């Protein structure tokens with residue numbers, strides 16, 4: 001998800017009991033106890049060193065869980081996941097805990113930037129994270145990821161090859177695809193009579209629906225949309241093109257109710273706003289009649305991934321989890337919860353047809369062909385952030 | 001403790017504080033200074049040196065506007081706190097003694113709650129479908145929904161609310177210490193209410209006013225939470241913009257330069273404050289904090 005901020009809780013949107021469950025899950029999430037953190041810091045590297053020469057790894061209570069995939073090393077008994085909120089189906093997590101007789105904990109972050117800052121700041125004890133492509137590249141280049149042992153993840157072959165060997169991580173040295181989605185425009189059909197199909201329309205209609213617009217609080221996506229409208233690359237590094245795109249945004253700023261990545265679903269649900277730039281899966285929490293479109297000029301396609309931080313205390317189990325989750329059944333369970341498309345094609349027939357048949361989640365190939373992925377480059381980040389500051393202070 | 005023995009080496013008492021400030025203030029501040037003159041060369045890669053490029057970048061009209069908007073908002077917030085705080089502190093300072101402690105406690109208690117929670121509470125209160133909006137609509141004071149959340153007005157309300165106690169306490173201290181016989185003397189000698197206030201009460205409580213303004217203005221310039229939550233991402237104030245340099249642009253040197261420039265400006269203000277008040281500043285700050 002681009003330089004995304006929140007893909008978090010749907011807790012405020014009516015979704016019945018399951019919402020409540022998730023809120024409870026969220027509240028009861030167990031933070032790493034100090035003891036665990038210490039163990040992670042001291043035992044983790046030692047355990048990894050042991051793994052190189054011994055078959056038995058892990059703490060005092062080595063698990064007797066089944067080892068699928070012919071893993072030579074014994075599995076640890078705990079898995080600490082650091083993830084976006086509501087981004088891993090609790091059913092899957094419980095099933096994994098049960099199958100391997102382990103305990104899993106989950107902490108949450110709200111943006112790739114938060115994840116990067118935490119890991120860079122020395123956060124220890126996490127075994128699995130779910131960064132977006134460009135964040136994988138930043139983390140890998142900063143030495144914050146453990147290389148994946150592909151021998152322990154045979155199910156990687158289940159992944160559609162078009163999602164493998166991406167530019168951000170050649171050869172999938174550090175990451176395995178989790179799911180993917182797009183950035184586009186969602187609008188309430190009860191309030192917007194026009195059929196929005198392009199960025200041009202999105203910008204043109206702003207004065208008409210003044211005060212009913214929101215855009216993501218994330219510069220790559222929003223400036224990228226304006227760039228696409230003008231016929232430039234989503235990842236343009238040309239100052240003049242970026243200036244032109246920024247001016248388009250400044251022109252509609254008076255019409256924008258909020259610049260937000262986490263509130264737009266609720267605002268649309270309450271019919272406070274009608275039109276939003278957002279991520280495809282997010283609009284599924286809006287229960288009012290609405291439509292999500294990938295603008296005809298093209299937009300962004302993002303891929304989120306599983307990765308193992310450097311110094312993870314339980315790397316064997318983390319590998320096992322990645323392999324486990326990459327089966328079509330478990331992928332389908334994920335999609336039915338996150339509303340984001342799996343990178344495993346065999347999962348699609350197992351997903352509820354209402355979801356798998358939705359072009360907002362599984363766009364047709366001709367639309368996908370026009371999508372670009374955000375790049376990770378220090379100059380890119382700086383240019384986008386400067387433009388964003390200009391837009392915000394205008 | 002008059003035997004002189006116990007006060008022989010009082011300097012040792014300051015060691016823990018010195019250690020604390022050296023470790024958690026001076027060393028991090030040293031990092032900020034070092035980074036401010038460095039250059040970004042890659043993800044989390046910087047080349048240290050004596051580059052002034054980051055500061056030259058700050059002269060861009062975009063950043064000058066952010067300074068202007070930030071100081072404008074902090075000034076408006078400070079004046080808001082003063083306008084509400086002074087009459088209230090005056091009323092409180094002249095209450096019978098036994099009620100004062102309770103009243104002061106009532107002001108402090110909400111202050112103990114996380115600023116994050118209190119600010120989110122304001123977001124709910126000010127929302128278009130929130131209780132305030134409903135009430136005003138029922139009273140026919142507004143036609144449609146209240147359009148306050150996600151505006152700079154909402155940021156102002158949040159700032160005034162969050163920083164009011166910091167204004168109240170120094171004001172209360174100086175008003176409570178005010179020698180009431182001077183006020184009575186002024187009235188007896190024929191000064192009207194307003195002139196008594198302007199020529200006796202206000203000058204005597206001015207140290208409290210200045211202290212309160214300093215204690216609210218300075219942290220308001222760096223405020224991150226309130227504009228982020230109540231401003232709808234649209235108010236480009238200093239705090240969130242500095243944050244974005246570290247988080248989004250991964251440009252630590254430029255973020256450090258921004259932070260350092262603000263520290264310098266605020267230090268100048270604090271020096272001026274100490275110059276104006278002299279020793280009275282010490283008494284006032286001490287009592288207020």
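Each reported figure results from applying straightforward, stated rules to the coordinates on display, with no laboratory input. On a predicted model such as this, the values are computed, not experimentally measured, just so you know. Methodologically, a virtual Cβ is constructed for each residue, glycine included, from the backbone with ideal geometry; neighbour enumeration extends over all protein chains shown.
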Can you tell me which of A:183-190, A:101-108, B:137-144 comes out highest on packing, and rank the rest after it, using the mean Cβ neighbours within 10 Å?
A:183-190, A:101-108, B:137-144
From the Cα trace of the protein assembly as shown, what convex hull volume per residue do you get, rounded to a whole Å³?
220
Of the candidates B:113, B:70, B:94, which one comes out as most mobile in a Gaussian network treatment of chain B with C-alpha springs shorter than 10 Å?
B:113
Mean 1/r over distinct Cα pairs of the range A:124-277, inverted to a Kirkwood Rh in Å, yields 18.0
Looking at chain B as a GNM with Cα springs under 10 Å, which of B:174, B:51, B:152 has the largest mean-square fluctuation?
B:51
Work out the FRET efficiency for residue A:230 and residue B:39 from their Cβ-Cβ distance, taking R0 = 35 Å, and round it to the nearest 0.05.
0.65
The relative contact order of the range B:56-288, taking Cα pairs under 8 Å that sit 6 or more residues apart, comes to a percentage of 27
I'd like the distance separating the alpha-carbon centroids of the range B:123-137 and the range A:133-197, in whole Å.
40
From the square roots a ≥ b ≥ c of the eigenvalues of the alpha-carbon gyration tensor of the range B:187-289, which class results: rounded (a/c under 1.5), prolate (a/b over b/c), or oblate?
prolate
DSSP beta bridges in the protein assembly as shown, what fraction antiparallel, as a percent rounded to 5?
60
Which FRET efficiency, nearest 0.05, do residue B:138 and residue B:98 yield, Cβ-Cβ r, R0 41 Å?
0.55
Helix-derived [θ] at 222 nm for the protein assembly as shown: sum -39500 (n - 2.57) over DSSP H runs of at least 4, divide by residue count, nearest 500?
-16000 deg cm²/dmol
Can you give the Kirkwood hydrodynamic radius of the range B:1-125 from its Cα pairs, in Å with one decimal?
21.0
When only alpha-carbon atoms are used, what values of Rg and Dmax, in angstrom, describe the range B:56-288?
20.4, 66
Stick to the Cα atoms of the range A:68-142, pair each with every other, and give me the Kirkwood hydrodynamic radius in Å at one decimal.
13.8
Which of B:160, B:209, B:200 fluctuates most in a GNM of chain B (C-alpha springs under 10 Å)? That residue is B:200
Once the piece of chain linking residue B:120 and residue B:91 is laid out straight, how much longer is it, given 0.36 nm per residue of separation minus the C-alpha distance between them?
7.5 nm
